[in-house]
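One structure is given here, and the rest of the page talks about it.
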Amino acid sequence: MSVSETIVREFFELHGFLVHQRRKFLKPSVRDEEEIDFLILNPRPVEAPGALPAVLEPDHLRRVARAIVVVKGWHTETFGRGRLERTPSLFRFADADIEKQARAFFGDAGKIDKVLILPALPQEEGARARSLALLKAKGVDAVISFRTMLADLIAHTEPNRNYQKSDLLQTIRVLKQYDLFREAQMELFKTRRPGRRSSKRLPAPPADLTSTDDSPGGTS
């Protein structure tokens, strides 16, 4: 299992989901991106009015009863509209034949959400809205960012527990034990505000060593 898939599995298991990996091998004749990565089942879903949010946070997960999950761990990519339009295979998991396979697994006629795990959406509000509109039009119900999942896993991992059955959680625990996750580091996981730019302070001009102080009693 890849590191990206491990993060996703740990995240859903943290929130009480039963996680099934669709396959543990790659078929030579089938492209990797055309496969289901996980099928997840929430034993205790909570019904709520309104549609599921397009961008899921941990608090929204209780509303997901069952879902097809596809992981795109392209961690150097931002999934803007142009990137999405150039990669139609991203939406393969939302096709009717893939849902038919999922229904055979779940064994009931309940709603099956299609959830895409991705590194990042555009920060600019308009570009972000266009990306989400395209995803919705292609049958994707919701997305979750790796930033959201990692921040949640870090917050819930306790340094005084031994997570020997999870290499990922054990690594986070060791880093926290040595104070390598502090408030300053956690700021890295917070969502940046759209349009916000970092400001740099200009260095002060060097002192003129040849000037003299003309004030009374001044020295050169």
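None of the figures in this text is laboratory data; all of them are computed from the coordinates on show. Here the structure is a predicted model, which is why all the values come from computation and not from measurement. Positions of Cβ are generated from backbone atoms using ideal geometry, with glycine treated the same way; all protein chains shown enter the neighbour counts.
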* Per-residue HN-Hα couplings for the stretch 154-161, Karplus 6.51 cos²θ - 1.76 cosθ + 1.60 at θ = phi - 60°, whole Hz, x for Gly and Pro? -> 5, 5, 9, 8, 9, x, 9, 10
* **Above-threshold pairs, the threshold being 31 Å between Cα atoms, out of Lys72/Lys111; Lys72/Lys165; Lys136/Lys176** => Lys136/Lys176
* Could you line up Val19, Val115, Val71 from fewest to most neighbouring Cβ atoms inside 10 Å? => Val19, Val71, Val115
* Asked: Can you list the residues, at least 5 places off or on another chain, whose amide H is less than 5 Å from the amide H of Val64, using H built in the peptide plane?
  -> Val46
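Using the number of other C-beta atoms within 10 angstrom as an exposure proxy, rank Glu125, Glu99, Glu47 with the fewest first.
Final ranking by Cβ density, sparse to dense: Glu47, Glu125, Glu99.
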* Could you line up Arg66, Arg92 from fewest to most neighbouring Cβ atoms inside 10 Å? => Arg92, Arg66
* To do: Using +1 at the Cβ of each Lys and Arg and -1 at the Cβ of each Asp and Glu in the stretch 115-172, identify which of Ala151, Gln170, Leu135 lies farthest towards the dipole's positive end.
  => Leu135
* Asked: Non-local amide H neighbours of Val55 (under 5 Å, H modeled in plane, Pro and chain starts lacking H): which ones?
  -> Val143
